[in-house]
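The values are calculated or read from the model by the stated rules, or taken from the named source; none is laboratory data. Every value quoted in this text rests on a predicted model; they were computed, and no experiment measured them. A quick note on method: Cβ atoms are made from the backbone with ideal geometry, for glycine too, and the neighbour counts reach across all protein chains shown.
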């Protein structure tokens, strides 16, 4: 027989709480929700890391191309020496007396070679032999040379324009290309 509801019996039923089955269902639902949140966060973090790596490649490639452009542009300044000495299509030596103008090539960037080895772009000071890595993840570096008429020059002394192509990246590749007019015989003070 069922007991009539009394104040004591009603209080016991209200204080019983959740059953084990109810707690288990809630726990499973929370685990599923937390797992989905973890997957979303991991995807966002992976996407962020990829975008950051691409942005770094773009910044490094643009900075390296800018340095190459600036150094080649002043080639031949304040000197009667051979301003550009290409070594094939992948290495270039640039000479100019501008940092400071002192009749020698021992200032920074005055006698410099640019080349790629082991997927890194290097700059070497030919006077001191000091080598500096400009950037990594370089796939290729090529130089094309043109005379004042736009044709291939017969000698390095006829080089009036240099086209630089710098390809960076291993997974996400990007090619930077620019044409640089070479200033010869310009007096920089």
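Is the range 34-45 home to any residue that is in contact with a strand residue (DSSP E or B) (Cβ under 7 Å, 6 or more places away or on another chain) and part of a helix (DSSP H, G or I)? For the range 34-45, residues in contact with a strand residue (DSSP E or B) (Cβ under 7 Å, 6 or more places away or on another chain) and part of a helix (DSSP H, G or I): absent.
How many of the residues making up the range 139-155 are free of Cβ contacts under 8 Å to residues at least 40 places away in the same chain and under 25 Å from the mean Cα position of the chain (by Cα)? Residues meeting the conditions: 1.
Counting residues in the range 69-88 that are within 23 Å of the chain's Cα centre (by Cα) and either over 18 Å from residue 160 (Cα atoms) or modelled with pLDDT under 90 (or both) gives zero.
For (1) under 13 Å from the mean Cα position of the chain (by Cα); (2) surrounded by fewer than 18 Cβ atoms within 10 Å (Cβ to Cβ); (3) modelled with pLDDT under 95, each residue gets a yes or a no:
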site: 112; (1), (2), (3): no, no, yes
site: 117; (1), (2), (3): no, yes, yes
site: 125; (1), (2), (3): no, no, yes
site: 128; (1), (2), (3): no, yes, yes
site: 136; (1), (2), (3): yes, yes, yes
site: 157; (1), (2), (3): no, yes, yes
site: 165; (1), (2), (3): no, yes, no
site: 171; (1), (2), (3): yes, yes, yes
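Taking first residues from the range 67-93 that are on the phi < 0 side of the Ramachandran plot and touching a residue at least 24 places away in the same chain (Cβ under 8 Å) and partners that are in a loop (DSSP other than H, G, I, E, B) and surrounded by fewer than 14 Cβ atoms within 10 Å (Cβ to Cβ), the Cβ contacts under 6 Å between residues at least 6 apart in sequence or on separate chains come to 77/188. Scanning the range 57-94 for residues that are assigned to a strand (DSSP E or B) and surrounded by fewer than 20 Cβ atoms within 10 Å (Cβ to Cβ) gives 85, 86, 87, 91, 93. Could you go through the range 131-145 and let me know if any residue there is in a loop (DSSP other than H, G, I, E, B), out of contact with any strand residue (DSSP E or B) (no Cβ under 6 Å at 6 or more places or on another chain) and farther than 19 Å from residue 85 by Cβ. No. Would you mind stating whether residue 54 is part of a helix (DSSP H, G or I), touching a residue at least 40 places away in the same chain (Cβ under 8 Å) and surrounded by 11 or more Cβ atoms within 10 Å (Cβ to Cβ)? The answer is yes for residue 54.
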